[in-house]
1. Quick one: is B:GLY127 in a loop (DSSP other than H, G, I, E, B), within 13 Å of another protein chain (Cβ to nearest Cβ) and loosely packed, with under 11 Cβ neighbours inside 10 Å?
2. Do you know which of the residues in segment A:147-170 that are of a type outside the set (A, V, I, L, M) and buried (at least 18 other Cβ atoms within 10 Å of the Cβ) is nearest to the other protein chains (Cβ to nearest Cβ)?
3. Could you check A:THR212 against (1) of a type in the set (S, T, N, Q); (2) within 14 Å of another protein chain (Cβ to nearest Cβ); (3) under 17 Å from A:GLY26 (Cβ atoms) and say which number it fails?
4. Considering only residues of segment A:129-162 that are at pLDDT 95 or above and in a helix (DSSP H, G or I), which is nearest to A:THR110 (Cα to Cα)?
5. Output yes when any residue across segment B:141-157 is more than 14 Å from every other protein chain (Cβ to nearest Cβ), loosely packed, with under 13 Cβ neighbours inside 10 Å, more than 16 Å from the chain's Cα centre (by Cα) and not in a strand (DSSP E or B), and no when none is.
6. Would you mind stating whether B:ARG166 is loosely packed, with under 15 Cβ neighbours inside 10 Å and not in a loop (DSSP other than H, G, I, E, B)?
7. Which numbered condition trips up B:GLN88, out of (1) more than 14 Å from chain A (Cβ to nearest Cβ); (2) surrounded by 12 or more Cβ atoms within 10 Å (Cβ to Cβ); (3) assigned to a loop (DSSP other than H, G, I, E, B)?
8. Within segment B:39-69, count every residue that is over 16 Å from B:LEU137 (Cα atoms) and over 22 Å from the mean Cα position of the chain (by Cα).
Amino acid sequence: MSHGHAKEFKVRWGMVVDVDKCTGCGACMVACQVENNISPMVRQDKENYLPSMTFERDDPSNKMRTLTWLMVYELSNRKDYPDHEVAFLPRPCMQCGNPACVPVCPVVATDKNEEGGIVSQIYPRCIGCRYCMAACPYHARYFNWFDPIWPKGMDKALSPRTSVRPRGVVEKCNFCHTRFLKAKERARQEGIDPNELPEGYYTPACVEVCPTGAITFGDLNNPEHKVHQLAHGKYAFRLLEKLGLDPQVYYLTKRDWVRKQGDNYLANEEPHAKKH
Amino acid sequence: MEEKRASKGSGGAIPFLIGFVLSAVFLWIIFPQVIYCQKDQPIRFSHTVHKEQGMECSGCHFFREDGSYAGLPSNEQCAECHTDLMGQDPAEAKYVKEFLEKGRAVPWLIYQYQPDNVYFSHKAHDGFECTDCHPNLGDSDTPPPHYRNVITGYSKQTMKMWQCERCHAEGGVSNACYVCHK
């Protein structure tokens, strides 16, 4: 990318999603919402309701207004039965090596600076201009159109590990970053170097919950971690790889049509596996 | 006329000075007292009395197995000794009657309470003395009052971001946002 040199990290946390294993059950999306204190969309704000003055909130099914840090997309090969096939593609934040969102932020609310390469988002610093949302080609960023409201009783189940966000700021997946901080703390307690976490110490909520084991997580730079091998495998590809954003999320598939939908290939062009 | 008014203007220096002094007194002395609301701990907990019994600091303030820090003892821990009144102190009687017997946790006022979006690991700061950041309560008989900023709601002694950043910078530790924020 023209914007400076990508920062090098000793550890690069990465995710490998096996698209062929994903059944589209959505458990990862639910786990993500719970872990990261994302409130369900409530149509009416009863606390601040003035008849004739308050607009109702959006429909909970309106995906333009809801927050889904991890979104499972349904892909179709657009063929008729009996050749019809679908695939499900979970899309977290790609934690790009050259993030498009970071250089456009006017207040440095988002940055890629910490060891591990996770793109940070500091909510109190965000001014809600949404340049980053416009810049992100993966649509991984979400804007809080409304203050979060938890239905009665559900606020008791909030996770203390994640801070809640007010209306007017942008948020996104951060690979359950506080789990990383917790893992480092545990490593220190056990006398392990926190910069060389063994596999399994740090696992995001979606990876932990996936019933088919479609998501693998670890350090892409560490050959002992499973993701290192998977990301360098024959069936690995990344979304919109041609843009050169160098995402830290890889996908696996043996189906060519799935791979073809992962980037803007020309009609006569053959999709290729990741080059090394 | 114009010149006369200008020369007369020097007499305005005295009211200006009085106003300046008054506002300085207000801003330096009165305002800080107004924005901090002083509150005492719900129980007059004496660290010295507990230390005299031969208790170690780590008996109540310790690291759990996962590296997280147990800063304040729970009622169960206190009840290991305080099943009945052990001494004559009215503070103890108040604790047993109002909290322990009712099964209520004591709402201790925390001098260093950080905002929701701050992550602090005690384990990562294991090498420092507790009193580098915390007030030295270990030798106190009466805990000092807690000053709450009525505008922000935080304690007066809560460490500010620039203090964290300065120490990190001096120690060569990363100041990336996600090192301390969540």
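The values are calculated or read from the model by the stated rules, or taken from the named source; none is laboratory data. Quantities reported herein were computed from a predicted structural model and do not represent experimental measurements. Here the Cβ is made from the backbone with ideal geometry for all residues, glycine too, and neighbour counts use every protein chain on show.
1. Details: in a loop (DSSP other than H, G, I, E, B): yes; within 13 Å of another protein chain (Cβ to nearest Cβ): yes; loosely packed, with under 11 Cβ neighbours inside 10 Å: yes.
Answer is yes for this residue.
2. The qualifying residue nearest to the other protein chains (Cβ to nearest Cβ) is A:SER163.
3. Checking A:THR212 against (1) of a type in the set (S, T, N, Q); (2) within 14 Å of another protein chain (Cβ to nearest Cβ); (3) under 17 Å from A:GLY26 (Cβ atoms), the one that fails is (2).
4. This residue is A:CYS132.
5. Within segment B:141-157 (the criterion being more than 14 Å from every other protein chain (Cβ to nearest Cβ), loosely packed, with under 13 Cβ neighbours inside 10 Å, more than 16 Å from the chain's Cα centre (by Cα) and not in a strand (DSSP E or B)), the answer is yes, since at least one residue qualifies.
6. yes
7. Unmet condition: (2).
8. Final tally of qualifying residues: 6.
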